[in-house]
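See below for the structure under consideration.
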Amino acid sequence: MAKKDSTDVFMTELDAYLFGEGTHYEIYNKMGAHKAVKDGQEGVYFAVWAPHAKDIFVVGDFNDWKAYGYDMKPVSDGGIYELFIPGAKVGQMYKFLIVTPQGEAIYKADPYANEAQLRPDNASIITDLTGFHWTDKSWVEKKKKENHLESPMAIYECHLGSWKKKEDGTKDGFMNYREIAPELADYVKDMGYTHVELMGIAEYPFDGSWGYQVTGYYAPTKRYGTPKDFMYFVDYMHSKGIGVILDWVPAHFPKDAFGLAEFDGQCLYEYADSRKGEHPDWGTKVFDYSKNEVSNFLIANGMYWVDKFHVDGLRVDAVASMLYLDYGRTEGNWIPNKYGGNGNLEAMSFLKHFNSMMRKRFPQAVTIAEESTAWPMVSGDPDNGECLGFTFKWNMGWMHDFLEYMKLDPYFRKFNHSKMTFSLMYAYSEHFVLVLSHDEVVHLKCSMLGKMPGDRESKFANLKLAYAYMCGHPGKKLLFMGQEFAQWNEWSEERALDWYLLDDPSHKEMQQFTKKCMKLYSSYPCLYATDYKPEGFAWINANDVDNSVYSFIRISPDGKKNLLFVLNFTPVARKQFRVGVPADCKYRLVLGSHEKIQAKQLTVDKGDCDGYSHSVLVDLPEYGIAVYEFTAKQLENKTRI
């Protein structure tokens, strides 16, 4: 019996029209290579956008890579071409052979391919994304209803290829998505993280780019397995209560001959004018956001990862490079916008469109901007015309000031006291994520432990102090892998983390302290539910310059389980250090640097201190950390001092 024809994957005039309008949000179900049946014959349907091409052929394993008789036909006048090839099968490799307007024959990988060869090979692979048995329906439904701003988010940033490696003698030692899922999920869960953020999942040719120079936007990298292997990874993470965020790169792409660059013999995906279309510092091409089809390619791609792979969010890389026309360019080598300014109006429209539609179609997913400037209203309501509409924004200003302060010899910290308090001046201007990412532990910047001042013991003490302050500061959290146990070496994609360090008591203790911070964070609503409300934070004393002591409180929405933080950033012990408190109640130690000798509960005294009518005496060891829980029906308003 002849197979029934499948029409759902074939491109229609309506599909072509919506793509031309930039509003075909499921174009990935049409473009690329898809199993199909036509005239009762099983095969594969191919579709590609190449409006400048003179001719286009599909070549691959199914026709011995010979073009004759396999020429694609136009769907409409919008530059989309299609071809159904009977007998083509899942697992076979293919490319598009494009004859340019100049008559040159070039071989290109499929921009919409769902699978590709492992580098250095670069052919596309016919695959089938259907049939995977997902078990995370309840997880997805829960996330759809979740208030992301008021929920805990402690992110473990991870590069899968170097988190751990196989010791089997293979060249790369990569673990498969299915192999790494149980180990990573158990570790992340045990450490108290709520999410993993994965670097470099969309296919890319050069390991040293870490996945930020993408050639296969719709293909999970072959380094760790197949698309269904990656589905398994995400599904497994969800089964353990861990969200999955992907790094996503709509800012630029590499010039590799098989990729998007000059795809049909002319600039297609990139701006034609090199003053807009190339990043001189990176040697990459810039997407032309003015073209609806390019915008559609990217917007649909972001949604594809949520739709097909159930990811929980996208961290959008290099947003500043998209927004500023003069980013990385010297005077005279960039083109102002129509108003004479340096903002890329087309990129702004693209980001607003993307965030607005993502929130409407996939409310379970968050979008996070890596935006390193003071560009206003990056996060917030995407339907507010002035706002870019991201759920969150990386707090690069906090990161810079925080690390500059922590690097200092403690003697000089009193002269830089405001570096640790200034971030609270703008903490509620965006929905911030506090980040200590991979960028801060490469290129001779030192690991987190290596940044800390003093001898070995002091370095560990300072790093614990740094993480405690990060835990208490408003904003979601992100820490790059290996820094939780204080790796000495800078990170490299070529080798696994230095797990052997956990045999050393200092590193094991550091790991356990980080775990305590993460568990504390997710256990206390005052540390996440009021992240973006000024009433959730109050300084006890932000001005103790001479002692370099910072004291503040985090306040929960219901007044229960509030936290008092008292942090000593010098190697001078301060016994019986008096700190003002907003309530006469019990104060119970929940995190300390020397918990065995620190008071488990504090006695409240009457008398003015730090603008409050009550106070406590806290023992602060060298680089001392003291975090106390307290519950009070009403907190005293601080008087000005």
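Listed values, structure above:
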| quantity | calculated |
| --- | --- |
| Residue in segment 563-579 that is closer than 28 Å to A427 by Cα and either outside the structural domain of C609 (by TED's automatic domain parsing) or assigned to a loop (DSSP other than H, G, I, E, B) (or both) present | yes |
| When residues of segment 368-416 are limited to those that are farther than 21 Å from V545 by Cβ and more than 23 Å from the chain's Cα centre (by Cα), the one surrounded by the most Cβ atoms within 10 Å (Cβ to Cβ) | N384 |
| Residue ID - farthest from G79 (Cα to Cα), chosen from residues in segment 249-284 that are free of Cβ contacts under 8 Å to residues at least 24 places away in the same chain and small (G, A, S) | S274 |
| Residue within segment 31-40 that is without any contact (Cβ under 8 Å) to a residue 40 or more places away in the chain and either closer than 21 Å to Y217 by Cα or assigned by TED's automatic domain parsing to the domain that holds Q266 (or both) present | yes |
| Near pairs, Cβ below 7 angstrom, 6+ apart or cross-chain, from segment 381-397 (touching a residue at least 40 places away in the same chain (Cβ under 8 Å)) to any residue that is among the charged types (D, E, K, R) and surrounded by 18 or more Cβ atoms within 10 Å (Cβ to Cβ) | L388/K352; F392/K476; K393/E371; K393/E430; W394/E370; W394/E371 |
| Residues satisfying the stated conditions in segment 566-597, i.e. among the charged types (D, E, K, R) and within 28 Å of L408 (Cβ to Cβ) | R574, K575, R578, E595 |
| Which numbered condition S349 misses (of (1) assigned to a loop (DSSP other than H, G, I, E, B); (2) surrounded by fewer than 18 Cβ atoms within 10 Å (Cβ to Cβ)) | (1) |
| N344 touching a strand residue (DSSP E or B) at 6+ places or on another chain (Cβ under 8 Å), more than 30 Å from M518 (Cβ to Cβ) and in contact (Cβ under 8 Å) with a residue 40 or more places away in the chain | yes |
| Candidate set from segment 12-41 (those that are of a type in the set (D, E) and part of a loop (DSSP other than H, G, I, E, B)); member that is surrounded by the fewest Cβ atoms within 10 Å (Cβ to Cβ) | D39 |
| Any chance K66 is under 37 Å from the mean Cα position of the chain (by Cα), exposed (fewer than 15 other Cβ atoms within 10 Å of the Cβ) and either of a type in the set (K, R) or farther than 25 Å from N301 by Cβ (or both) | no |
| Among (1) part of a loop (DSSP other than H, G, I, E, B); (2) more than 30 Å from M175 (Cβ to Cβ); (3) under 32 Å from the mean Cα position of the chain (by Cα); (4) in contact (Cβ under 8 Å) with a residue 40 or more places away in the chain - the single one V9 does not satisfy | (4) |
| Residue count for segment 262-296, restricted to those that are under 15 Å from W49 (Cβ atoms) and not polar (S, T, N, Q) | 13 |
| Selection count, segment 579-599, where residues are within 21 Å of G559 (Cα to Cα) and not hydroxyl-bearing (S, T, Y) | 12 |
| Flag for N547 being in contact with a strand residue (DSSP E or B) (Cβ under 9 Å, 6 or more places away or on another chain), in contact (Cβ under 8 Å) with a residue 24 or more places away in the chain, surrounded by fewer than 19 Cβ atoms within 10 Å (Cβ to Cβ) and of a type outside the set (V, I, T) | yes |
| Helices (runs of 4 or more DSSP H) lying entirely in segment 114-227 (those with 1 or more residues that are free of Cβ contacts under 8 Å to residues at least 12 places away in the same chain and surrounded by fewer than 22 Cβ atoms within 10 Å (Cβ to Cβ)) | 137-145, 177-191 |
| Hits in segment 60-102 - residues which are in a loop (DSSP other than H, G, I, E, B) and among the hydrophobic types (A, V, I, L, M, F, W, C) | W65, A67, M72, V75, A88, V90 |
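The values are calculated or read from the model by the stated rules, or taken from the named source; none is laboratory data. As the structure is a prediction and not an experimental result, all values here were calculated from the model. Ideal geometry is used to build each Cβ from the backbone, glycine not excepted, and the neighbour counts take in all protein chains shown.
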